[in-house]
Amino acid sequence: MEKSYKEIMPNISTFIFDVDGVLTNGVIHISSTGELTRLMHTKDGYALKTAIQKGYNVCIISGGNNEGVRTRLSGLGVKEIYLGTHNKIEQFEEFIKKYDIDPENVLYMGDDIPDYPVMERVGLPACPKDAVAEIQNISKYISQKKGGNGCVRDVIEQVLKVQGNWNTNFNSKYD
């Protein structure tokens, strides 16, 4: 019998996220100079930073190649950021081998077809509310939040709460 997401969350040690459509709403703004910009939600950033501070592995695998994305995520403490990745499963396999991570202990959140091969390999495939149907069909967890609107915060907070690692001491320093 297949496990539910609630049965898998206690074993998650690693979070991997796509960028466009997950950490962003998937909309790309094009300036008059041709610069491509994206919007990210601060609540997602807080959750990423908290997960890293609590000792979880956090990785980004994206087909996009915007250095502003790298700057933002590096500033939150994300060390494993793979941009311009056209074969996400190869990057995923390299990452889990590098850190000796069991794929069953990985939560991967994606929203579109390029995420499918990785999502088939992980213990907890997840997606935002507005992911394409094929991704929703293989996801064990579908956030009630849309991409770029707190879906990353939603899933990280749930895992950390299940494991007793979510911030409940509001006097602690998380800036």
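Read-outs: derived from the displayed coordinates by stated rules, not from any lab. What you see is a predicted model; the values in this text were computed from it and never measured. As a convention, Cβ positions derive from the backbone with ideal geometry for all residues, glycine included, and neighbour counts pool all protein chains shown.
Work out, step by step, the length gained on full extension between LYS129 and LYS3: first 0.36 nm times the residue separation, then minus their alpha carbon distance; give nm to one decimal.
Full-extension gain reported as 43.3 nm.
What is the calculated FRET efficiency for ILE113 to ASN167, with r their C-beta to C-beta distance and R₀ = 35 Å, to the nearest 0.05?
So, using R0 = 35 Å, E works out to roughly 0.50.
Can you tell me what share of the DSSP beta bridges in the chain is antiparallel? A percent to the nearest 5 is fine. The partial results should precede the final answer.
Details: 2 of 18 bridges.
Antiparallel bridges: around 10 percent, rounded to the nearest 5.
Which value, in debye to the nearest 20, describes the size of the charge dipole of the chain about its Cα centre when Lys and Arg Cβ atoms bear +1, Asp and Glu Cβ atoms bear -1, and nothing else is charged? Could the numbers behind the result be given before it?
Details: 20 positive and 23 negative charges, 142 e Å.
Approximately 680 debye in magnitude.
Hey, which of these cross-link pairs are over 20 Å Cα-Cα: LYS49/LYS129; LYS54/LYS79; LYS6/LYS88; LYS88/LYS146?
As for pairs spanning more than 20 Å Cα to Cα, those are LYS49/LYS129; LYS6/LYS88; LYS88/LYS146.
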